[in-house]
1. For the stretch 312-334, name all the residues that are open to solvent by 20 Å² or more (accessible area, probe 1.4 Å) and touching a residue at least 60 places away in the same chain (Cβ under 8 Å).
2. Based on this model, can you work out whether Ile193 counts as touching a residue at least 24 places away in the same chain (Cβ under 8 Å) and either away from the ligand (no atom under 16 Å from the Cβ) or in the same structural domain as Asp362 (by TED's automatic domain parsing) (or both)?
3. So which of Glu25, Glu95 is away from the ligand (no atom under 16 Å from the Cβ), open to solvent by 50 Å² or more (accessible area, probe 1.4 Å) and touching a Ser or Thr at 6+ places or on another chain (Cβ under 6 Å)?
4. Just one of Gln394, Gln441 is open to solvent by less than 20 Å² (accessible area, probe 1.4 Å) and out of contact with any Pro (no Cβ under 9 Å at 6 or more places or on another chain); which is it?
5. Considering only residues that are within 11 Å of the ligand (Cβ to nearest atom) and under 20 Å from Gly151 (Cα atoms), which ones fall in the stretch 181-190?
6. Residue by residue through the stretch 44-59, note down the ones that are more than 14 Å from the ligand (Cβ to nearest atom) and touching a strand residue (DSSP E or B) at 6+ places or on another chain (Cβ under 7 Å).
7. Pull up the stretch 157-175, narrow it to residues that are among the hydrophobic types (A, V, I, L, M, F, W, C) and within 16 Å of the ligand (Cβ to nearest atom), then point me to the one that is most open to solvent (accessible area, probe 1.4 Å).
8. Quick one: how many residues across the stretch 351-380 are under 23 Å from Glu448 (Cα atoms) and either open to solvent by 30 Å² or more (accessible area, probe 1.4 Å) or free of Cβ contacts under 8 Å to residues at least 24 places away in the same chain (or both)?
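The values are calculated or read from the model by the stated rules, or taken from the named source; none is laboratory data. Quantities reported herein were computed from a predicted structural model and do not represent experimental measurements. Cβ placement follows ideal geometry from the backbone for every residue including glycine, while neighbour counts extend to all protein chains displayed. Areas reflect the complete protein model, heavy atoms only, side chains present, ligands, DNA and RNA absent. Shrake-Rupley method; radii C 1.70, N 1.55, O 1.52, S 1.80 Å.
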Amino acid sequence: MSKVNLKEPKVVIREVRLGSITGFEGTACKLVQCSRSGKLKDSVRSFSQCMGCSSLNAFCQLSMITDAAVINHAPVGCSGDFFTFNFVYRVGQMERNLPPAMGRYFNTNIEEKDTIFGATQKLEETIREVFCRIRTEAIFITTSCASGIIGDDVEAVANHLSQELGIPVVACFCEGFRSKIWTTGFDSAYHSIVRKIVKPPQKKSNKVNIINFWGSHVFDELLEKLGYEAEYIVPFSTVSQLERISEAAATIEVCPTLGTYLGAALEQIYGVPEIKSPPAYGLAGTDNWMRELGRVLDREAEIENIIKQEHEKVLPQIEKYRSKLKGKTAYITAGAAHGHALISLLKDLGLEVRGAAIFHHDPVYDNGDVTSDVLAHSVDTYGDVENYSVCSKQAYELVNILNRVKPDIMIARHGGITLWGAKFGIPTLLVGDEQFSFGYQGILNYAERILETLDNREFVTNLAKHSTMPYTKWWLEQDPFSFLGVNERVEFY
Ligand code: SF4
């Protein structure tokens, strides 16, 4: 178990804290074995096309706190992600019937001369200007490669301005160069929230924290039946709501890759129990998760009743979907944990999962509990997955693998990846809402979307006919892992 240390302004990166990796090729079973035996080694690429940045992941959690502002202490180019989150924020407001509001995002515009003379003065002036323009309840400062390299003392500025303005001004250290694993940015955002926003509990509440992105509110009904109330965090929360998450009865994570650090921090520091079962995807996964929820909330009998009723309702429908999907093949590319959970879901529906390219791998989560391991649960329950790789969104590898595997359907978690399926004429499904496939109803939801996608094959067939491929025949005939260091590949003992 990793120890959360709130005295440190910076979160320890995932490579060091959890032993996480971004390079592996083999099978899912081998990856689980290596993770369990402490023999997991990152395989380095000698060629890399692009990667994500922790700053974006930190921003994705901080940018939708409804009464806070975010200042990106960076060259202006690092703020290229602002528009995406402003869009997501507005769409989320409409879905939740919230009044329209723009995101309050700012950038300090670090320029060349600032990298010589320092940019803390600029940061101080920006914080004062932001507070003067919009009286927010908190201001978060996200750092960048530039501010990190020149060594700006952002923590000192944040502490000084907190005193001056009388609101939390919080430094979130998420420089892109600190970690190859961009999900470290989630941890940075949560570290800053737990360190400077969350207050010690005054009383216990009947709320259950749901660490999620901005997904649908699928937990309301279930928790109400159990006498609890869902508290969706962090997007669309207010600062005062976040102050009180230490009083919750439990914490649910829609994806352990997202919530591992916050779930563990709330349990370690404030005793809020974390639901440690893999998330509720697929039948067996949902049963396990429900039972763990019942155990933690002391509602075991009620949960058994719900499981019985839900099985009666969904099993006949799942059988119908299984008969339609039997023999269909699938390939998955997604972030860790969510991608693992989707493997279980697809196998439950009778699809043959021919392979997966998962963006990174955490051999353990912050709670140190092996029962939380989503990939291990999938392998133990549904068997191995061949052609399993850990791939930090390297399109050249993915294209080469797709050309060999040629699945009936590709499941992609991130928008920019779906085009590769289409270029090969492979129907590709993208579901942005993680909660869409959560629980018993989620199995049916996903099955329906898969059938719709398969029915639309003609669209991608035509697209493939008229599109060009930037990769040559030469590359498509090479080993897809030609650039994954041969001497550094994961060793099996
Ligand atoms: S913080 Fe670094 S990696 Fe991230 S966008 Fe800025 S320069 Fe790129």
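1. From the stretch 312-334, those open to solvent by 20 Å² or more (accessible area, probe 1.4 Å) are 312-313, 315-317, 319-324, 326-328; that's our starting set.
Lys313, Gln317, Tyr321, Lys324, Lys328, listed by residue number.
2. On the way: touching a residue at least 24 places away in the same chain (Cβ under 8 Å): yes; either away from the ligand (no atom under 16 Å from the Cβ) or in the same structural domain as Asp362 (by TED's automatic domain parsing) (or both): yes.
Yes.
3. Details: Glu95 fails: touching a Ser or Thr at 6+ places or on another chain (Cβ under 6 Å).
Unique residue meeting the criteria: Glu25.
4. Gln394
5. From the stretch 181-190, those within 11 Å of the ligand (Cβ to nearest atom) are 182, 185; that's our starting set.
Matches in the stretch 181-190: Gly185 only.
6. Step one: of the stretch 44-59, the residues more than 14 Å from the ligand (Cβ to nearest atom) are 44-47, 49.
Answer for the stretch 44-59, where residues must be more than 14 Å from the ligand (Cβ to nearest atom) and touching a strand residue (DSSP E or B) at 6+ places or on another chain (Cβ under 7 Å): Val44, Arg45.
7. Residues of the stretch 157-175 among the hydrophobic types (A, V, I, L, M, F, W, C): 157-158, 161, 165, 167, 169-174.
Adding the requirement that they be within 16 Å of the ligand (Cβ to nearest atom) leaves 171-174.
Details: Ala171: 2, Cys172: 1, Phe173: 18, Cys174: 2 Å².
By that ranking, first place goes to Phe173.
8. Going residue by residue through the stretch 351-380, those that are under 23 Å from Glu448 (Cα atoms) are 351-356, 378.
If we keep only those that are either open to solvent by 30 Å² or more (accessible area, probe 1.4 Å) or free of Cβ contacts under 8 Å to residues at least 24 places away in the same chain (or both) as well, we get 352, 354.
Total satisfying the criteria: 2.
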